[in-house]
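Novice: This is the structure I have questions about; it appears just below.
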Amino acid sequence: MRNSQNTSKSIGAKASIGILITAAALMLLISGIQQYSARKQIRSDLERNAEMELVLKSLGVKHSLEDVELALRNRRWEFEQVLPYPDSLFAVTRRVVEQNPNFDGCCIAMVPDYYPEKGRLFEPYTLRRCDVINTYQLGSDAHDYSKNKYFINSVENDTSFWSEPYPDEDNPNVTLITYTFPVYDASGCVAGIVGVDLESEWLGKMLNARHMFPSSYHILISGEGKLICGPKEKGNSHQLAEETLNMINDSSLHREPSSSGYAMLLSFTDNEDNSEGNVFYSSPENIKPWRIAVVNYDDEVFEPLIRMRWRNLLLTLTGLLILAFIIHRSAKSISNLQRANMEKEHIESELNIARKIQMDMLPKPESETKSDDVDICGSLVPAKMVGGDLYDYFVRDEKLYFCIGDVSGKGVPAALVMGVVHTLFRSVSAHESRPDRIMGTLNENVSQGNESNMFITFFIGVLDLPTGKLRYCNAGHDRPFVIGKETNVLPAKANLPLGVVENMVYVAQETDLVPGDMLFLFTDGLTEAKNIKHQLFGIQRLTNYLQECDKKIAPNTLINKVTEQVDLFVKDAEQSDDLTLLAVQYTPAMKELIFDETLTISNKISEITRLNAFVKSSAQTIGIEATLANKIKLAVEEAVTNIIDYAYPDGVEGTVTIAIEADANAVRFVITDTGAEFDPTSVTKADTTLGIDDRPIGGLGIFLVRNLMDSINYERIDGKNVLRLEKIYDS
Amino acid sequence: MNTIITETDGKYIVSLEGELDTAHAIEVEEAMKPLHDVNGKDITIDCSQLEYIASSGLRILLGLLKSAKANGNKVVLKSLNDEIKDVFKMTGFIDLFNIE
């Protein structure tokens with residue numbers, strides 16, 4: 001029990017774990033697919049947003065540059081007007097710086113030898129340093145701007161342009177860019193080049209004013225691949241900007257065009273803090289040759305995804321917990337169910353045994369009757385495993401004792417009562433041949449202490465086989481049918497069932513059966529058999545069937561046919577009550593007599609001598625061998641002595657008639673007397689095992705008769721005692 | 001039916017001859033009555049001539065056995081024929097009596 005429970009528990013646990021693992025794997029798979037597609041979506045959103053960002057920022061840069069360019073273009077005439085007065089140029093440069101807070105410095109580098117009086121190199125220059133504005137002449141041999149490539153380029157190409165970024169000489173942390181444009185004299189020749197210095201930070205501020213993600217930043221790269229500006233607000237932002245620049249410039253790194261082709265995309269892993277990110281950069285037409293780049297970090301880009309992942313994980317875990325709980329509960333109820341099943345099986349197996357015991361209690365035709373004079377068949381189909389119906393029969397002293405009964409209720413309680421009644425019937429009828437007395441004894445036993453108020457309808461019949469006399473007693477049971485020349489209900493008084501009233505007086509009734517007559521007994525399981533429509537089989541249907549059936553039908557055939565009828569009627573409906581049928585047919589054998597003599601003696605002991613002589617000579621005539629003849633003589637002598645002793649009180653005179661008849665293999669003695677009713681068959685058997693001190697003198701007579709003869713039968717007929725003894729002999 | 005009682009060497013020997021049926025039981029019982037009152041003498045019942053015994057005969061023998069036992073005497077049955085032995089077996093008398 002314990003083992004099997006453990007096994008079932010571990011099987012349950014294994015199954016639960018299996019289900020949980022499967023569910024977890026499924027959930028993980030689903031969440032993985034979800035993550036994958038969400039990641040793809042975020043990535044494509046990012047690309048689109050980044051491209052948009054690059055366009056917007058490049059427009060911003062362009063506007064900022066144009067602001068500067070416009071401001072200076074408007075100043076060009078000022079420069080050109082004061083060209084004839086070289087010293088006025090100082091004031092112009094100073095004004096430019098003063099009026100544009102963004103400007104760090106402004107210079108005009110004149111074409112060499114433009115003012116002979118000022119030397120070869122003349123460059124008025126105004127510089128803002130910590131809000132202090134100084135103006136001085138910068139050109140000298142030490143600062144030979146004429147060799148500067150921007151100067152040369154501007155003069156030669158007669159064009160304005162933005163320089164590459166360069167560190168401020170005074171403050172290397174500051175990156176400057178310079179915008180230069182040519183100034184023309186009256187003849188339209190280039191007189192000098194005006195340059196305005198700006199801290200590139202001015203562009204950087206605009207560029208990084210707003211970001212896609214908190215850690216994102218933008219950088220601006222010059223045509224030569226130098227960093228113009230980047231984020232300023234972060235501590236290591238310059239370093240970050242430099243690193244980004246290096247990545248973009250490092251042609252060995254893998255990059256790919258974005259899906260629209262507008263930008264290039266470069267993914268990276270920062271070795272220092274293991275952060276991953278990507279760089280989108282492009283070279284928009286309006287700020288060429290500059291390039292603009294935006295850097296985003298994956299942890300921020302995919303932050304919603306990570307949040308979603310955690311949420312999913314939480315949901316998955318919650319789901320699994322709920323699932324585990326459900327599995328645990330159902331495993332528990334399954335194991336409860338298993339236990340209940342096992343208990344049920346246990347009870348069922350016990351009920352099976354009980355059923356077998358009950359069925360074994362039923363009489364077996366071959367072992368119980370041992371008589372050719374009667375043919376019996378019984379059938380009991382309990383509605384449950386065990387039932388409260390019973391039938392029994394046996395032959396004792398040439399009498400068939402049979403009964404049928406129905407204990408109120410069904411199942412085990414009814415079966416227990418049935419077992420008791422069955423045993424009582426057997427033990428009482430072992431020494432009592434009157435059905436009313438048997439019934440009375442049963443009633444007393446059942447009534448006493450009948451606290452559960454069970455009652456039993458019961459019918460007892462005692463059929464005298466030599467004469468066909470049937471004595472019966474009914475206790476509230478369905479009346480049996482007699483199937484003979486006519487088929488009728490046996491006119492049995494109802495009486496009260498057993499167990500209802502203590503000291504109830506039961507009355508026996510009697511009738512004579514003729515050879516071939518059959519009694520059909522049944523319980524209400526037959527008449528109250530229900531079909532699916534709850535209709536009853538009914539007494540009328542039974543009566544009709546029995547009246548129409550073949551009168552020469554054998555008991556077992558009748559039982560089978562009636563059972564068949566019930567099955568046909570009930571069909572698929574569940575059997576509601578025990579169904580018990582019993583058929584008893586009186587079939588006495590007609591034997592040809594080879595000897596038939598009668599002796600009548602008076603009730604005197606001295607007549608025994610005559611009797612013995614008669615028995616001895618008859619036996620000789622019949623041809624019974626001497627030893628057996630002696631035994632028979634002894635038996636008859638004992639039987640007659642008993643009658644003389646007990647049937648006739650002292651002084652009463654009477655006769656005893658001994659008829660001897662014999663057929664080919666049996667001799668019968670029919671001893672009739674007119675004395676008081678005396679049934680020697682109900683005398684308790686003598687105990688032959690007692691010692692001398694306990695042994696009563698006498699009581700051996702009937703014992704000897706029983707032992708010496710094959711059968712003994714008593715019947716009170718027409719006020720006479722009729723005792724029959726039979727002995728089988730080898731002719 | 002004859003009942004012959006002889007006394008030899010301080011023992012009684014009873015010879016039963018013929019058929020001891022119920023009709024003869026009274027006379028045999030009467031003949032054996034003196035044996036109920038003997039003291040210190042064992043009784044041997046010779047059954048070699050006994051052809052038949054009914055329960056009334058068995059009763060006489062049982063009565064004799066009981067009184068002999070009360071007096072401290074022994075009762076021995078001798079030479080039972082097979083049929084009578086069968087009756088003794090059937091009734092359990094075979095265990096009560098000392099049978100030679």
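Novice: Restricted to the stretch A:262-290, and to residues that are at pLDDT 85 or above and in a loop (DSSP other than H, G, I, E, B), which residue is farthest from A:Ser216 (Cα to Cα)?
Specialist: It comes out as A:Pro289.
Novice: Now for a separate question. Taking the conditions exactly as written (surrounded by fewer than 17 Cβ atoms within 10 Å (Cβ to Cβ), more than 14 Å from chain B (Cβ to nearest Cβ) and more than 60 Å from the chain's Cα centre (by Cα)), does A:Val652 satisfy them or not?
Specialist: On the way: surrounded by fewer than 17 Cβ atoms within 10 Å (Cβ to Cβ): yes; more than 14 Å from chain B (Cβ to nearest Cβ): yes; more than 60 Å from the chain's Cα centre (by Cα): yes.
Taking the combined requirement at face value, the residue satisfies it.
Novice: May I ask you to list the residues in the stretch A:523-543 that are touching a residue at least 12 places away in the same chain (Cβ under 8 Å) and part of a helix (DSSP H, G or I)?
Specialist: Matches in the stretch A:523-543: A:Asp524, A:Gly525, A:Leu526, A:Thr527, A:Ile539, A:Arg541, A:Leu542, A:Thr543.
Novice: Among residues belonging to the stretch A:694-726 that are β-branched (Val, Ile, Thr) and either in a loop (DSSP other than H, G, I, E, B) or facing another protein chain (nearest Cβ under 10 Å) (or both), point out the one that is farthest from A:Arg471 (Cα to Cα).
Specialist: Taking the stretch A:694-726 as the starting set, the residues that turn out to be β-branched (Val, Ile, Thr) are A:697, A:702, A:705, A:712, A:717, A:722.
From the residues that got through so far, the ones that are either in a loop (DSSP other than H, G, I, E, B) or facing another protein chain (nearest Cβ under 10 Å) (or both) too are A:697, A:702, A:705.
Values: A:Ile697: 35, A:Ile702: 24, A:Val705: 25 Å.
Per the criteria, the residue is A:Ile697.
Novice: Restricting the first residue to the stretch A:328-343 and requiring it to be more than 16 Å from A:Ala13 (Cα to Cα), which pairs with a second residue that is surrounded by fewer than 14 Cβ atoms within 10 Å (Cβ to Cβ) and hydroxyl-bearing (Ser, Thr, Tyr) meet a Cβ separation below 9 Å and a spacing of at least six or different chains?
Specialist: Sorted first by the residue in the stretch A:328-343, then by its partner, the pairs are A:Met342/A:Ser4.
Novice: Considering only the stretch A:663-693, state which residues are within 14 Å of chain B (Cβ to nearest Cβ) and not in a loop (DSSP other than H, G, I, E, B). Can you show your working first?
Specialist: Applying the first criterion (within 14 Å of chain B (Cβ to nearest Cβ)) to the stretch A:663-693 yields A:680, A:683, A:685-693.
The answer is A:Pro680, and nothing else.
Novice: Here is a follow-up. Could you check A:Thr318 against (1) over 30 Å from A:Ile33 (Cα atoms); (2) at pLDDT 90 or above and say which number it fails?
Specialist: (1)
Novice: Identify, from the list A:Leu416, A:Leu470, the residue that is at pLDDT 90 or above and not in a loop (DSSP other than H, G, I, E, B). Full working, then the answer.
Specialist: Details: A:Leu416 fails: at pLDDT 90 or above.
Unique residue meeting the criteria: A:Leu470.
Novice: Right, another one. Please enumerate the residues belonging to the stretch A:619-647 that are out of contact with any Phe, Trp or Tyr (no Cβ under 7 Å at 6 or more places or on another chain), polar (S, T, N, Q) and more than 9 Å from chain B (Cβ to nearest Cβ).
Specialist: A:Gln620, A:Asn642
Novice: Further question: Only one residue in A:Asp572, A:Asp524, A:Asp567, A:Asp550 is of a type outside the set (Lys, Arg) and crowded, with 17+ Cβ neighbours inside 10 Å, so which one is that?
Specialist: Going through A:Asp572, A:Asp524, A:Asp567, A:Asp550 in turn, the sole match is A:Asp524.
Novice: Do you know which of the residues in the stretch A:21-46 that are within 16 Å of A:Trp310 (Cβ to Cβ), surrounded by fewer than 16 Cβ atoms within 10 Å (Cβ to Cβ) and under 28 Å from the mean Cα position of the chain (by Cα) is modelled with the lowest pLDDT?
Specialist: The selected residue is A:Leu28.
Novice: Specify the residue that is farthest from the other protein chains (Cβ to nearest Cβ); the eligible residues are those in the stretch A:585-615 that are under 20 Å from B:Ile84 (Cα atoms) and surrounded by fewer than 19 Cβ atoms within 10 Å (Cβ to Cβ).
Specialist: A:Ala613
Novice: Any chance you could count how many residues in the stretch A:26-42 are among the charged types (D, E, K, R) and free of Cβ contacts under 8 Å to residues at least 60 places away in the same chain? Even if it seems obvious, please write down each step before you answer.
Specialist: Within the stretch A:26-42, the subset among the charged types (D, E, K, R) is A:39-40.
Right, trim to free of Cβ contacts under 8 Å to residues at least 60 places away in the same chain and you get A:40.
The number of residues fulfilling the criteria is 1.
Novice: Could you please let me know if A:Asn336 is within 24 Å of the chain's Cα centre (by Cα), part of a helix (DSSP H, G or I) and within 30 Å of A:Pro413 (Cβ to Cβ)?
Specialist: Details: within 24 Å of the chain's Cα centre (by Cα): yes; part of a helix (DSSP H, G or I): yes; within 30 Å of A:Pro413 (Cβ to Cβ): yes.
The answer is yes for A:Asn336.
Novice: Tell me, please, whether a residue that is surrounded by fewer than 19 Cβ atoms within 10 Å (Cβ to Cβ) and in a helix (DSSP H, G or I) can be found in the stretch A:446-461.
Specialist: Narrowing the stretch A:446-461 to residues surrounded by fewer than 19 Cβ atoms within 10 Å (Cβ to Cβ): A:447-453.
Retained after the next criterion (residues that are in a helix (DSSP H, G or I)): A:447.
Yes, the stretch A:446-461 contains at least one residue that is surrounded by fewer than 19 Cβ atoms within 10 Å (Cβ to Cβ) and in a helix (DSSP H, G or I).
Novice: Determine whether the stretch A:589-599 contains at least one residue that is in contact with a Phe, Trp or Tyr (Cβ under 8 Å, 6 or more places away or on another chain) and closer than 30 Å to B:Ala23 by Cβ. Walk me through how you get there before you give the answer.
Specialist: From the stretch A:589-599, those in contact with a Phe, Trp or Tyr (Cβ under 8 Å, 6 or more places away or on another chain) are A:597, A:599; that's our starting set.
Filter once more, so that each one left must be closer than 30 Å to B:Ala23 by Cβ: A:597, A:599.
Yes, there is a match, as at least one residue in the stretch A:589-599 is in contact with a Phe, Trp or Tyr (Cβ under 8 Å, 6 or more places away or on another chain) and closer than 30 Å to B:Ala23 by Cβ.
Novice: A further question on this structure: For chain B, which fully contained strands (runs of 3 or more DSSP E) count at least 3 residues that are under 24 Å from A:Glu637 (Cα atoms) and either within 12 Å of chain A (Cβ to nearest Cβ) or not hydroxyl-bearing (Ser, Thr, Tyr) (or both)? Show your work before the answer.
Specialist: Details: elements: B:2-8, B:11-20, B:43-53, B:75-78.
In chain B, the matching strands (runs of 3 or more DSSP E) lie at B:11-20, B:43-53.
For every residue, the table says whether it meets (1) at pLDDT 90 or above; (2) crowded, with 22+ Cβ neighbours inside 10 Å; (3) under 28 Å from A:Leu245 (Cβ atoms).
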site: A:Val194; (1), (2), (3): yes, yes, no
site: A:Glu201; (1), (2), (3): no, no, yes
site: A:Met212; (1), (2), (3): no, no, yes
site: A:Tyr217; (1), (2), (3): no, yes, yes
site: A:Glu224; (1), (2), (3): no, no, yes
site: A:Gly230; (1), (2), (3): no, yes, yes
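Novice: Return the total of residues in the stretch A:685-723 being under 19 Å from A:Ile644 (Cα atoms) and modelled with pLDDT under 75.
Specialist: Of the residues in the stretch A:685-723, 3 are under 19 Å from A:Ile644 (Cα atoms) and modelled with pLDDT under 75.
The values are calculated or read from the model by the stated rules, or taken from the named source; none is laboratory data. All of these numbers come straight from a predicted model, not from anything done at the bench. With ideal geometry, Cβ positions are generated from the backbone for all residues, glycine too; neighbour counts draw on all protein chains shown.
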